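Everything below concerns the one structure shown next.
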Amino acid sequence: MIAAWRSLRREARLTEFRLFLAALCFIAVALSAVSLFGSRVERAMQAQTGALLGADGLLASSRPIDDEFARLAESLGLRTARTVDFLSMAVGPEDSRLARVRAVSGAYPLRGEVLTRDPGASDEGVGGEAIAAGTAWVAPSLAREQSLSAGATLSLGRKSFEVTREISLEPEGGVGSFSIAPRVMIPLADVDATGLLTPASRARFRLLVAGEADAVSAFGDAVEERLSPHEQWHVADLERDEVRATVGRVVSYLNLAVMLSVLLAVVAMAVAAQGLWRRQAHAGALMRCLGARHGAMVRRQTMVYLLAAVPVAASGSVLGGVFQHVASIGVARAAGIELPPPSLGPALTTTAISVLVTLAVMVPFLFAQRFVPVMTLLRAELRDRVHAGAIGVAVVAFLVAGFAVLLAGDLVLALSVLAGLAAAGVVFWFLIRALLAVLATTARAPSASWHIALRNLASNARRSAWLASAFGAAVFALVLLGAVRGDLFAAWNQSIPENAPNIFLVNIQGEEVDAMRGLLEQRHVPSERFYPIYRGRLVSIDGEAVAEADFESESARHRVNHEFNLTEDGVLPDGNEIVAGRWFDAGERGFSVERETADSLGLAIGSRIAFDVAGTRVEAPVTSIRTVRWDSMKPNFFVLGSPGLFGEAPRQFITAAFAGEDAGDLSRAVNRQFPSVTLIDLGSILDRLRNLVEQASAAVSVVFAFTLAAALLVLVAMLQGQREARRREIALLKTLGASRAQIRAAIVAEFGLLGAVAGAVGGALALASGWLLAWQVFEFDYLPAWHWIAISLAGGALLVGAGGYLSIRSLVKVQPVRLLAG
Amino acid sequence: MLKSVFASPTDDASHSSRLLMNSDDFHGNQPVVRTDRLGKRVSVGSGAIQILEDIDLTVQDNTAVSISGRSGSGKTTLLGLLAGLDTPTEGAVALFGRSLVNLDEDARAALRRGRVGFVFQSFHLLPNLTALENVALALEVGQPGEDIDARAAEALQRVGLAPRMHHLPSQLSGGEQQRVALARAIVVRPTVLFADEPTGNLDHATREEVASLLFELRAEHGCTLVLVTHDLDLAGRCDRHYHLEAGRLVS
């Protein structure tokens, strides 16, 4: 151990070793910052999804829920709340009306918030208030219909409530709430006083929980083991159709950013390691000449790397944690969201991964040193054969592939990037060699310096291509993340048309359709088609009755357990695309099913499915499977029936409309004219999501900064690795009579040319990859911005030219004798 | 013939370890290095080049032997074979009475450990180690103990570099670097010192200085010297002289 410490102190004097540790520290910082930050953003998004449910998970039952469950949740550190839902007649000053009563405990909701406003107001509303004893909050439609103002009295059973607020947004108030009766919210403690709940009452009791994901899932596991037939467990997940597409994209983009910056850091590390490998091959040969055993050297060097890597990786992880903390404060403030606190797990994992990367880069080479002949000490020409090219390529390829799979969490993304990188590697190598060859043979050197630069490029084609490829990879990552980021998010915004619907009108009765259409036209509000909605429960597949227990996936169980919103349509809705089967022929009976729903339920073309629609069994084969563009903000359906399939079953209608900024006015008008129609202001949900997406993209700038630093590290490592060769070249040039000015100009020209070629090729490949990703992963049309090639060409020339000059500037000043002596 | 000269080298592991013990019992009456029809052939492309052929030489304890020859005559290859840095393709070579032919690299390294010193033409000092640490390295590998730094400092003092002991190689002149290398070679009190063109990279005045120091140190330590050089003056200081021509010993 003492010997290892001594060796470590000595190794630390090597620039190559310090660069290697810098790259390691960088990997730890980048991994830690982005994984901590990424996981927090993802959890925040999960929480936003939870906000749609009001909790991270909930236990629902048709009977009162045993306190034992609440105690179990609390023992796991989860927060709990309770609600009871039931239908009751609400008696107002003018009339009585069937209402959906929700009695809530003080902590409700655990995620998201209930936004309320003064009855009759049109503002967005405020959240965070707890409902006071003896008071009731009501849906806008009820307030309008009953002319309820603040202080009005509303009776439920034996108890009278003072109406204090109107509910503008509540959890689960999304698109899925197709219901006839308006909401009334009261405190849970007042339920008994109403006398409405008896053991025979039809009510829905719910226990809501929220907290750490692990605790929620532990609670879920414990609960599922003892569920009675009348109880169900639900978790908030990213399955909600209207947010899933958006969240999925942001997560994919974060993954991409993390992956590229870490891969770049790994490249920097491998490049830095190459210089170290050469040094150690020499030291190893000398040690063996002096009598050292190879095995003992491997053990000792491994110990040296561990001693260096553990504290460096741990410090890097902590530093990364600090970076992400600073970034998250800004993001949380700007996005108006609360990021969950970071956990220690990722930091420890990051440290462990960084140390493993170090060992993965260095240990294979330590073993390979056995094959470096000791005779290299006597024969200089053998030294030139001591290059670890094959090992290096294998180690880097292995690490890059491993990291891609580890970080992506998305196979398509990992494969896209890996395929892109592999192709880029090959293209870089050959394209750059070809370009350099053409440059060197066809370009006419205007001066001696240019002549030297071109000759150097051509005669060291392998070295030049290697430097250009590594730098090109850095440009590739930078352009992909930087330029493509902006373009991707711009494209995403454009994918939501200016006049995309921002309100949904639901519960429209058949006889109200024409009048509603008239109202919208009169107010110049463009609307979608009016779709009939039939509520139906899936009862059989291919003649066999279905039960929740038949399915493994949570989404399939959820679907079986809940009623579907079914519609019938003779025309394939916009944003839908048939991927199997065909659209209904005239007079044909059939169902068209959304692809993921079909997958989760095991449906294929020809499967016969039956729904119970208001007591009538409707059975038909699946004739087509569709993909649906969920973020089109139009009414979308998991299951569509052929025209006339549902016969005379009871139905309501739904439409979506673009009310612009006038949603409030329209809301009042709708409520006045159509008291039973519910208007859902999707705008506020959308705004919140869009805000989150924009902030997430801003947060990725932090990751981008890391990538930029990693790219610079690659450049420094590359140039450092070339110092020895440059030293000899400069000595030779000076001996042959070249002036310092000529040498300087030649260096700048050579590196500048190399940077320009690397920049142009890297930029072009990044645009091609961006297009591929937009098409395959992000799913929108993307027109590459070609000016990025020019920018990366100029940037590459400037950066590599300046970097190259700075890195060997000191060699230009030294006397040739001194250079040759070393 | 080989068996009669080389104490029956075999592939048998137990026999090898016995031979190793025998080599520890090495004493002055035995030759330090001995070869028998030693040869080295290397592949080049589809053909092969015979670098050394039928080399028979013996180096007795406490003698200085020089090997000279023109560039490409095989001097350095021969030195590598004698020191066990390389393996022959023909014939046999023994160091301290032990055949090197059947030994793997670790066993050959063990044989050299603490008993063989090297001086190279291009010094081969590790650039990140100070002069003192470079010298101490030989002790750390060959003779670990408490007093490593003191012994290394003493060796540096002997070569006149005590004031520069904490300098890195890049801060030393060529002559100074070679003196550090000399200190590294003698600090383990080797039985044999192999030197490959030790003055080849030095100017005339420094060359003389380093050569004198080399022979002084050899005399002080009473060690055997195997010196490869094309410098006839330097070769002339040795007790015995071999000359190589096209891979064969001619004198």
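The values are calculated or read from the model by the stated rules, or taken from the named source; none is laboratory data. Everything quoted here is computed from the prediction, not taken from an experiment. As a convention, Cβ positions derive from the backbone with ideal geometry for all residues, glycine included, and neighbour counts pool all protein chains shown. With ligands, DNA and RNA removed, areas are computed over all heavy atoms of the protein, side chains included. Shrake-Rupley method; radii C 1.70, N 1.55, O 1.52, S 1.80 Å.
Restrict the check to the stretch A:728-741 and report whether at least one residue is open to solvent by less than 40 Å² (accessible area, probe 1.4 Å), closer than 26 Å to A:A709 by Cβ and in a helix (DSSP H, G or I).
No, there is no match, as no residue in the stretch A:728-741 is open to solvent by less than 40 Å² (accessible area, probe 1.4 Å), closer than 26 Å to A:A709 by Cβ and in a helix (DSSP H, G or I).
For the stretch A:262-275, give me each residue that is buried (at least 24 other Cβ atoms within 10 Å of the Cβ) and either small (G, A, S) or within 14 Å of another protein chain (Cβ to nearest Cβ) (or both).
Within the stretch A:262-275, A:A265, A:A268, A:A270, A:A272, A:A273 meet the criteria.
Restricted to the stretch A:297-320, and to residues that are away from chain B (no Cβ under 14 Å) and of a type in the set (V, I, T), which residue is farthest from B:D86 (Cα to Cα)?
So, considering only residues that are away from chain B (no Cβ under 14 Å) and of a type in the set (V, I, T), the one farthest from B:D86 (Cα to Cα) is A:V318.
Looking at the stretch B:190-197, can you tell me whether even one residue there is at positive phi and within 13 Å of another protein chain (Cβ to nearest Cβ)?
yes
Return the residue satisfying two criteria in turn: it lies in the stretch B:93-109 and is aliphatic (A, V, I, L, M) and part of a loop (DSSP other than H, G, I, E, B), and of such residues it is farthest from the other protein chains (Cβ to nearest Cβ).
Result: B:V101.
Here's a check for you: in the stretch A:287-296, which residue that is part of a helix (DSSP H, G or I) and surrounded by fewer than 23 Cβ atoms within 10 Å (Cβ to Cβ) is farthest from the other protein chains (Cβ to nearest Cβ)?
Ranking the qualifying residues of the stretch A:287-296, first place goes to A:A296.
Take the stretch B:51-79 and flag every residue that is away from chain A (no Cβ under 14 Å), within 18 Å of B:V119 (Cβ to Cβ) and open to solvent by less than 10 Å² (accessible area, probe 1.4 Å).
Listed by number, the residues that qualify are B:V59, B:A64, B:V65, B:S66, B:S68.
Identify, from the list A:E231, A:E225, the residue that is in contact with a helix residue (DSSP H, G or I) (Cβ under 9 Å, 6 or more places away or on another chain), modelled with pLDDT of 70 or more, among the charged types (D, E, K, R) and closer than 30 Å to A:S61 by Cβ.
Only one candidate passes the filter, namely A:E231.
Mind checking which residues of the stretch B:195-251 are among the small types (G, A, S), touching a Leu at 6+ places or on another chain (Cβ under 8 Å) and without any contact (Cβ under 8 Å) to a residue 40 or more places away in the chain?
Of everything in the stretch B:195-251, just one residue is among the small types (G, A, S), touching a Leu at 6+ places or on another chain (Cβ under 8 Å) and without any contact (Cβ under 8 Å) to a residue 40 or more places away in the chain, namely B:A211.
Conditions: (1) open to solvent by less than 10 Å² (accessible area, probe 1.4 Å); (2) more than 18 Å from A:G157 (Cα to Cα); (3) not basic (K, R). A:G112 meets all but one. Number of the miss?
Unmet condition: (1).
Just name the residue that is modelled with the highest pLDDT out of those in the stretch B:31-48 that are within 11 Å of B:T89 (Cβ to Cβ) and open to solvent by 60 Å² or more (accessible area, probe 1.4 Å).
Only one residue fits best here, namely B:R41.
Considering (1) within 17 Å of B:A185 (Cα to Cα); (2) open to solvent by 10 Å² or more (accessible area, probe 1.4 Å); (3) more than 8 Å from chain A (Cβ to nearest Cβ), say which one B:L82 fails and leave the rest.
(2)
For the stretch A:82-128, name all the residues that are under 30 Å from the mean Cα position of the chain (by Cα) and either of a type in the set (D, E, K, R) or assigned to a strand (DSSP E or B) (or both).
Across the stretch A:82-128, the qualifying residues are A:R111, A:E113, A:L115, A:E124, A:V126.
Restricting to the stretch A:130-145, name every residue that is part of a loop (DSSP other than H, G, I, E, B) and under 26 Å from A:E661 (Cα atoms).
The answer is A:A139, and nothing else.
Could you grab the pairs with beta carbons closer than 7 Å, sequence gap of 6+ or different chains, first residue in the stretch B:118-144 and within 9 Å of another protein chain (Cβ to nearest Cβ), second one of a type in the set (F, W, Y)?
Note: pairs meeting the criteria are B:F118/B:F194.
Mind checking which pairs have a first residue in the stretch B:41-58 that is of a type in the set (K, R) and a second that is part of a strand (DSSP E or B) and crowded, with 17+ Cβ neighbours inside 10 Å, Cβ under 9 Å, 6 or more apart or different chains?
Taking only residues 6 or more apart or on different chains, the pairs are B:R41/B:I51; B:R41/B:L52; B:R41/B:E53.
If A:L339 meets every condition in (1) open to solvent by less than 40 Å² (accessible area, probe 1.4 Å); (2) modelled with pLDDT under 80; (3) assigned to a helix (DSSP H, G or I) apart from one, which number is that one?
(3)
Only one of A:E113, A:E94 is within 18 Å of A:L208 (Cβ to Cβ) and in the same structural domain as A:S201 (by TED's automatic domain parsing); which?
Answer to the selection: A:E113.
Looking for whichever is out of contact with any Leu (no Cβ under 7 Å at 6 or more places or on another chain), in a helix (DSSP H, G or I) and surrounded by 20 or more Cβ atoms within 10 Å (Cβ to Cβ) here; the options are A:G770, A:G795, A:G762, A:G755. Which one fits?
A:G762
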